[in-house]
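Read through the structure below, which is laid out as structure tokens, and then see the notes.
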Amino acid sequence: MAHSAVGVIFSNIHDENIQELSRHRTMASIPYGGRYRLIDFTLSNMVNAGITTVGIVTKYNYQSLIDHLGSGKDWDLARKDGGIVLLPPYSDETDTLYSNRLEALKGITGFLNHRNEEFVVISDCDCISHMDIADILKYHEENQADITMVYHRDDNTDSSYFITLDPDETGRVKGVKINPKLKGFGNVYVNVMVMRREFLISMIQDAVVRGLSSFGRDLLTKNINSWRVFGYCLKGYCADINSLQNYYKHSMELLSKDVREELFGARDIYTKVRDSAPSKYIEGAVVSNSLISDGCTIEGTVENSILFRGVKVGKGSVIKNSIVMQETVIGTGVLLDCVITDKNVVIRDRRHLSGCEALPYFVAKGRML
């Protein structure tokens with residue numbers, strides 16, 4: 001069944017949530033977990049379900065995304081028919097950037113019309129989870145649903161923008177709340193939905209004719225009783241990357257063996273392969289409870305931290321509770337505590353930088369301090 005589905009991934013939706021990390025890249029290409037990008041989790045979930053054609057909706061700052069995806073061979077998507085299809089932010093009818101999800105869907109109608117798969121799986125890149133999309137498609141068909149929306153039960157809902165669902169005992173959604181400004185428990189939509197391709201095309205065409213502008217408020221909420229909308233409850237680990245604080249929090253959760261096994265153990269998460277040399281630990285180096293990627297050189301101390309590829313840690317430096325991204329150079333006698341450095345940062349000798357879990361200290365890409 002999964003082979004009859006085409007994937008659509010929005011690469012730029014929610015960029016404003018993590019402006020620090022999306023200033024020079026898309027949300028999809030934000031680095032995560034030492035060697036991955038956010039899109040790797042969504043793309044891998046689709047590939048593991050047998051989906052062989054994935055359209056990626058772009059908007060701006062997508063050069064790093066193109067560099068990361070390449071031909072798609074690392075996801076087994078380097079194909080003559082289908083594979084990864086980069087969808088430009090302009091449609092055939094306009095030369096302006098889309099401003100919302102509905103306009104973006106209108107712009108990719110040509111792509112949808114040229115496919116022959118029965119279903120469409122639409123996803124953003126801000127949810128980190130092990131998602132069985134084949135099972136979601138099965139659930140969608142068994143319920144003869146028009147739309148299936150994936151959600152998870154969140155006991156600590158604190159996002160500034162989210163959608164909550166109110167499913168009944170059969171799973172049918174009876175109510176949708178957009179940005180309800182709740183704190184606490186909620187059935188939070190994870191920005192993944194399934195529908196038949198023809199249904200989606202007709203929905204877009206109807207919205208264009210009626211001059212509608214919002215997918216959630218103009219289409220979903222107003223048709224919740226006439227459409228068969230079902231909710232699929234996502235079990236297990238689920239991380240919503242909707243702020244710098246949550247990015248830090250969920251990244252640090254990867255230091256837990258249980259989280260790593262749940263996220264990476266059941267199925268592979270694919271990413272761009274680099275033939276880097278193994279990391280080097282110079283005499284006197286101390287590393288504990290940390291994720292160290294390949295190509296690093298460590299002379300100092302690293303505790304409870306995540307180091308991306310090619311990081312250099314100088315003698316006498318102490319890195320604690322921090323996320324250090326690719327090709328960052330840390331001098332001698334440096335102290336970092338609750339710090340996030342973007343790529344290609346240089347921290348000069350004897351610098352002391354400190355944040356806290358609720359507000360990590362962030363160093364922008366290419367900075368020298």
Surrounded by fewer than 19 Cβ atoms within 10 Å (Cβ to Cβ) and under 27 Å from the mean Cα position of the chain (by Cα): which single residue out of Lys320, Lys315 fits that description? Lys320
Check region 239-247 and report whether any residue there is touching a Leu at 6+ places or on another chain (Cβ under 7 Å) and under 20 Å from Val176 (Cα atoms). no
Matching residues in region 347-369 - criterion: being more than 27 Å from the chain's Cα centre (by Cα) and either surrounded by 15 or more Cβ atoms within 10 Å (Cβ to Cβ) or under 15 Å from Thr328 (Cβ atoms) (or both): Ile347, Arg348, Asp349, Arg351, Leu353, Met368, Leu369
Scanning region 320-331 residue by residue, those in contact (Cβ under 8 Å) with a residue 24 or more places away in the chain and either more than 19 Å from Glu20 (Cβ to Cβ) or of a type in the set (A, V, I, L, M, F, W, C) (or both) turn out to be Ile323, Met325, Ile330
If we keep just the residues of region 168-181 that are at pLDDT below 90 and in a loop (DSSP other than H, G, I, E, B), which is surrounded by the fewest Cβ atoms within 10 Å (Cβ to Cβ)? Lys181
Yes or no: region 113-120 includes at least one residue that is among the polar types (S, T, N, Q), farther than 27 Å from Leu254 by Cα, modelled with pLDDT under 95 and open to solvent by 50 Å² or more (accessible area, probe 1.4 Å). yes
Residues of region 241-266 satisfying the condition of being within 14 Å of the chain's Cα centre (by Cα), of a type in the set (A, V, I, L, M) and in a helix (DSSP H, G or I): Leu244, Leu263
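Let's see how each residue does on (1) buried (at least 18 other Cβ atoms within 10 Å of the Cβ); (2) assigned to a loop (DSSP other than H, G, I, E, B):
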position: Asp166; (1), (2): no, no
position: Arg217; (1), (2): no, no
position: Ser226; (1), (2): no, yes
position: Ala239; (1), (2): yes, no
Just give me the residues in region 61-75 being in contact (Cβ under 8 Å) with a residue 40 or more places away in the chain and closer than 17 Å to Val6 by Cα, in sequence order. Trp75
Within region 249-259, identify whether any single residue is small (Gly, Ala, Ser), touching a Lys or Arg at 6+ places or on another chain (Cβ under 9 Å) and closer than 28 Å to Glu16 by Cα, and answer yes or no. no
When region 125-154 is checked residue by residue, the ones that are in a strand (DSSP E or B), within 24 Å of Phe264 (Cβ to Cβ) and either without any contact (Cβ under 8 Å) to a residue 24 or more places away in the chain or not β-branched (Val, Ile, Thr) (or both) are Cys127, Ser129, Tyr151, His152, Arg153, Asp154
With the structure loaded, tell me whether Ser44 is closer than 26 Å to Arg197 by Cβ, assigned to a loop (DSSP other than H, G, I, E, B) and of a type outside the set (A, V, I, L, M, F, W, C) or whether it fails that test. no
Just checking, does region 97-104 include any residue being under 22 Å from Ile128 (Cα atoms) and not aliphatic (A, V, I, L, M)? yes
Hey, among Gly83, Gly70, which residue is open to solvent by 10 Å² or more (accessible area, probe 1.4 Å) and at positive phi? Gly70
Strands (runs of 3 or more DSSP E) within region 296-346 that include 3 or more residues modelled with pLDDT of 95 or more and closer than 17 Å to Ile282 by Cα: 301-303
Restricting attention to region 253-277, report how many residues are farther than 20 Å from Asp74 by Cα and either polar (S, T, N, Q) or open to solvent by 60 Å² or more (accessible area, probe 1.4 Å) (or both). 6
Output for Cβ contacts, cut-off 9 Å, separation at least six or different chains, first residue farther than 20 Å from Ala239 by Cβ and open to solvent by less than 10 Å² (accessible area, probe 1.4 Å) in region 32-60, second among the aromatic types (Phe, Trp, Tyr) and in a loop (DSSP other than H, G, I, E, B), reads Ile56/Tyr62; Val57/Tyr98
Selected residue (only one of Ile282, Ile292, Ile269 is under 23 Å from Arg348 (Cα atoms) and touching a Phe, Trp or Tyr at 6+ places or on another chain (Cβ under 9 Å)): Ile292
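The values are calculated or read from the model by the stated rules, or taken from the named source; none is laboratory data. Given the structure is predicted, the values throughout are model-derived calculations rather than measurements. A quick note on method: Cβ atoms are made from the backbone with ideal geometry, for glycine too, and the neighbour counts reach across all protein chains shown. With ligands, DNA and RNA removed, areas are computed over all heavy atoms of the protein, side chains included. Shrake-Rupley method; radii C 1.70, N 1.55, O 1.52, S 1.80 Å.
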